[in-house]
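One structure is given here, and the rest of the page talks about it.
No value in this document is a laboratory result; all are computed from the given coordinates. Everything numeric in this text was worked out from a predicted model, so none of it was measured. Cβ sites come from the backbone with ideal geometry, for glycine too, and all protein chains shown count toward neighbours.
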Amino acid sequence: MFAYGLVAVLGLLLARKSFPVGINESYGRLILLGSSTSMAAASAYFLYILSTIFSGATCSYCLTSALLSFSLFFISLKEFSVEEIQKVLGVQLCIASLVVAALSTSYSSIQPLSSSVAEANLPFFETEITTSSSPFALSLAKHLHAIGAKMYGAFWCSHCLEQKQMFGSEAVKQLNYVECFPDGYRKGTKIAKACSDAKIEGFPTWVINGQVLSGEQDLSDLAKASGFPEMSQPS
């Protein structure tokens, strides 16, 4: 957020040709290039981690951020002539090296924690729903079941539990819930075929009439997405 904010401010200042005292347009362009270089270097390192350490995982937000970072870098670079690029090439390489070294050091320092989490052995368990279902929640759950809507989740997912708590213990029994790790979770465990076929990337995920809703959803939003009669919604 800081990096994108800095680039946005610098871009506006360059467009207006209005800079704080002591900074001219040339310095502003150099700062912008340095910022976009550090962002591109960081994105390249994150993509490396994603493709090696987390091989097989997908992250649309990561890829979008990387695309934006590389685009900003090339847009910034385009404003410089070949002679100017040659003059600042060493500085840019130094910035990129420092960013990668800092990220690599930071990542290495948390490896013991990451390894312990990756090697966790979690046997499957049933989550207990402690809330009671309102008439609206119960009617909505029956409606979602009738139209074939599905909720994909994982037994260890706190957000999935919170979503179920919104419905209550009676209504949850009416839902078409798909558990993505029915045999528990341990290193190397593959997601259930029903979840992989649906291309589930996070929990909980709702699939309602072909529409994919990621994360916890308010009951009113589920009602709207499923075409549940508005007259049945609480005032």
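Observations on the model:
- Coupling constants for the range 179-194 follow from the phi torsions by the Karplus curve (6.51 cos²θ - 1.76 cosθ + 1.60, θ = phi - 60°), and in residue order they are 7, 8, 9, x, 9, x, 10, 8, 4, x, 5, 8, 5, 4, 4, 4 Hz; glycine and proline get x.
- Local net charge near ASN176, Cβ-Cβ under 14 Å (Lys/Arg +1, Asp/Glu -1): +3
- Label-point separation in nm, THR105 to ASN176, each point 7 Å along Cα→Cβ: 5.3 nm
- Summed residue charge, Cβ within 15 Å of GLU162's Cβ, Lys/Arg positive, Asp/Glu negative: -3
- For TYR185, distant residues with modelled amide H under 5 Å away: LEU122, PHE124
- Label assignment, Cα extents along the principal axes in Å derived from the structure, set (i) 58, 42, 30; (ii) 70, 45, 29; (iii) 52, 35, 35: (ii)
- Tally of Lys pairs whose C-alpha atoms are under 27 Å apart, taken over the chain, 8 or more apart or cross-chain: 29
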